[in-house]
Amino acid sequence: MLSEIILWINNHLVEVLGTIFGILYIFFSIKQNIWCWPVGLITSLLYVYVFFISKFYADMGLQAYYVFVSIYGWYFWLYGGKKNKTDNLEVTVTDLKLGIILFIVNAVFFVIIAYVLVNFTDSPLPYWDAFTTALSLVATWMLARKIIEHWILWVVVDTVSLALYFYKGLYATVILFTVYTILAIIGYFEWRKDLKKI
C-alpha cells in the first residue's frame, strides 16, 4: 500500500507540488499576505503542465493568465492603495455598475472560450471548462483589486472544478479544490472583518 502511494506520488509529482503550493497560496490570500502572489505564480506554472497533460486546455490557458495576474496582483497589492507611503490597499465591495460590467465580461469570456473549446480542441467537457475558466478570470482580477465578492465566485468555481477533476482522475487536485472551497468560505468571513466601511 505504501509503495503504491509512493509510486503514485512519483508519477504525479508536478500535480502534488502544485497542490501544496496551491494550498499555501490560498492561505496567504486569506491572510492578505503579499506572499500569495509569488506562491500563486509557482502554482500556476506547475498547473500549466498538469492541465496540458489532462487536456483541460481552458484551465491550462487560465493558469497562463494567472502567471500574468500574479505579477499584476503583486504590484497592485504593493502600490495600488498608496495615496501616501502608509496607505494599504483596502478590502472593498462591488458596486452595481462594476457588478454589471463583470457579469457582461464573464458572459463574453464564456462564449469565446466555449466556442474555442468546442471547435478547436478535444476537451471532454468544453462548456463546464469554459464556465469555470471565465468565472476564474473575473474572480482573479477581483482578488488583485481586493474585492470581497471574489470569494463567493471562488466557492462556485472550486465546487464545479473539483467535480471535473474527479471525473478526470486528478485526485490530488480534487483534494486541493476541496480545500480551496472550504478556504474560500473562510476567506470571505476573514475579509469581512477588514471590509472598508463606506
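The values are calculated or read from the model by the stated rules, or taken from the named source; none is laboratory data. These figures come from a predicted structure and were not determined experimentally. Here the Cβ positions follow ideal geometry from the backbone for every residue, glycine too, while neighbour counts run over all protein chains shown.
Structure notes:
- In the stretch 82-124, the qualifying residues are those that are assigned to a loop (DSSP other than H, G, I, E, B) and at pLDDT 90 or above, and the one that is surrounded by the fewest Cβ atoms within 10 Å (Cβ to Cβ) is ASP95.
- Flag for VAL156 being aliphatic (A, V, I, L, M), within 20 Å of PHE177 (Cβ to Cβ) and buried (at least 18 other Cβ atoms within 10 Å of the Cβ): no
- Only residues that are surrounded by fewer than 14 Cβ atoms within 10 Å (Cβ to Cβ) and of a type in the set (Lys, Arg) were counted across the stretch 166-195, and they come to 2.
- Verdict on VAL48 being of a type in the set (A, V, I, L, M, F, W, C), in contact with a Ser or Thr (Cβ under 9 Å, 6 or more places away or on another chain) and in contact (Cβ under 8 Å) with a residue 12 or more places away in the chain: no
This table checks each residue for (1) touching a helix residue (DSSP H, G or I) at 6+ places or on another chain (Cβ under 6 Å); (2) modelled with pLDDT of 95 or more; (3) of a type in the set (Lys, Arg).
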| position | (1), (2), (3) |
| --- | --- |
| ILE9 | yes, no, no |
| VAL16 | yes, no, no |
| GLY22 | yes, no, no |
| PHE27 | no, no, no |
| ILE30 | yes, no, no |
| VAL39 | yes, yes, no |
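- Condition met for TYR79 (more than 22 Å from THR181 (Cα to Cα) and out of contact with any Lys or Arg (no Cβ under 9 Å at 6 or more places or on another chain)): yes
- Pair list, Cβ under 7 Å, 6 or more apart: the stretch 96-121 residue within 20 Å of ASP59 (Cβ to Cβ) and touching a residue at least 40 places away in the same chain (Cβ under 8 Å), other residue in a helix (DSSP H, G or I) and among the hydroxyl-bearing types (Ser, Thr, Tyr): ILE113/THR133; LEU117/TYR57; THR121/TYR57
- Total residues in the stretch 111-140, condition under 18 Å from the mean Cα position of the chain (by Cα) and within 22 Å of TYR72 (Cβ to Cβ): 10
- Number of the condition not met by GLU149 [criteria: (1) under 21 Å from SER54 (Cα atoms); (2) under 18 Å from the mean Cα position of the chain (by Cα)]: (1)
- Yes/no for LEU143 being touching a helix residue (DSSP H, G or I) at 6+ places or on another chain (Cβ under 7 Å), in a helix (DSSP H, G or I) and touching a residue at least 60 places away in the same chain (Cβ under 8 Å): yes
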